[in-house]
1. Of Lys9/Lys86; Lys9/Lys105; Lys48/Lys105; Lys12/Lys105, which ones are farther than 30 Å apart at the Cα?
2. Just how far, in whole angstrom, is segment 60-139 from segment 1-15 if you go by their alpha carbon centroids?
3. If you filter segment 4-54 for trypsin sites (Lys or Arg not before Pro), then keep DSSP loop positions with at most 12 other Cβ within 10 Å, what is left?
4. At 0.36 nm per residue, minus the direct Cα-Cα distance, what do Glu93 and Leu126 gain on full extension? Give it in nm, one decimal, please.
5. Quick one: putting +1 on the C-beta of Lys and Arg, -1 on the C-beta of Asp and Glu, what dipole do you get for the chain around its Cα centre, in Debye to the nearest 20?
6. For segment 4-109, what relative contact order do you get, as a whole percent, if you take Cα pairs closer than 8 Å and at least 6 residues apart?
7. Can you give the FRET efficiency for Tyr35 and Tyr110, using 1/(1 + (r/R0)^6), R0 = 25 Å, r = Cβ-Cβ distance, to the nearest 0.05?
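Bear in mind that the values in this text are calculations on the coordinates, not laboratory data. Small disclaimer: the values here were computed from a predicted structure and weren't measured. Every residue, glycine among them, receives a Cβ derived from its backbone with ideal geometry; neighbour counts consider all protein chains shown.
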Amino acid sequence: MALSIFEDKAAKPLQDDWVDVLGDKSTLWSEIKRYVSSTTGLVAEEWKHYGKASGWTLLLKQKKSTILYMFPQGGYFIVQIVLGEKAVERALESPLTGEILMLIKDAKPYVEGRSIRIEVTSDAYLIDIKTLIDIKLGS
């Protein structure tokens with residue numbers, strides 16, 4: 001199964017599609033998008049299909065830099081954020097929850113940074129996600 005519920009490359013998701021799929025979690029999806037926009041100013045939203053393993057992914061970008069990736073699922077979604085090593089250091093010193101800190105510590109370091117994925121099934125991780133966005137953006 002792909003990371004996104006939208007696997008068909010020929011069918012780019014529309015707003016009605018992801019709102020229907022996410023159900024009541026669509027408000028959390030919108031809140032994260034709104035937060036990124038209010039924090040960074042102008043944000044570009046770009047749907048990309050990377051292949052069968054990921055399906056359609058929403059990228060939130062500032063200029064050419066991707067801030068985060070969002071993968072819609074049935075009734076929830078996944079947020080993926082890549083942190084460079086300086087951001088990882090700040091994150092490990094921040095008030096993130098233990099579970100998120102473990103995700104960061106356990107993430108394999110790559111040249112582009114450490115990639116972590118958070119399943120957003122409730123608003124429990126919303127503060128952590130906003131904190132990670134702030135850390136990534138250097139706020």
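1. Flagged as over cut-off: Lys9/Lys86; Lys9/Lys105; Lys12/Lys105.
2. 22 Å
3. Here the sparse-neighbourhood loop sites are Lys9, Lys52.
4. Gain on extension, Glu93 to Leu126, equals 10.0 nm.
5. Numbers: 18 positive and 19 negative charges, 115 e Å.
Roughly 560 debye for the chain.
6. Across segment 4-109, relative contact order equals 25 percent.
7. Calculated transfer efficiency: 0.45.
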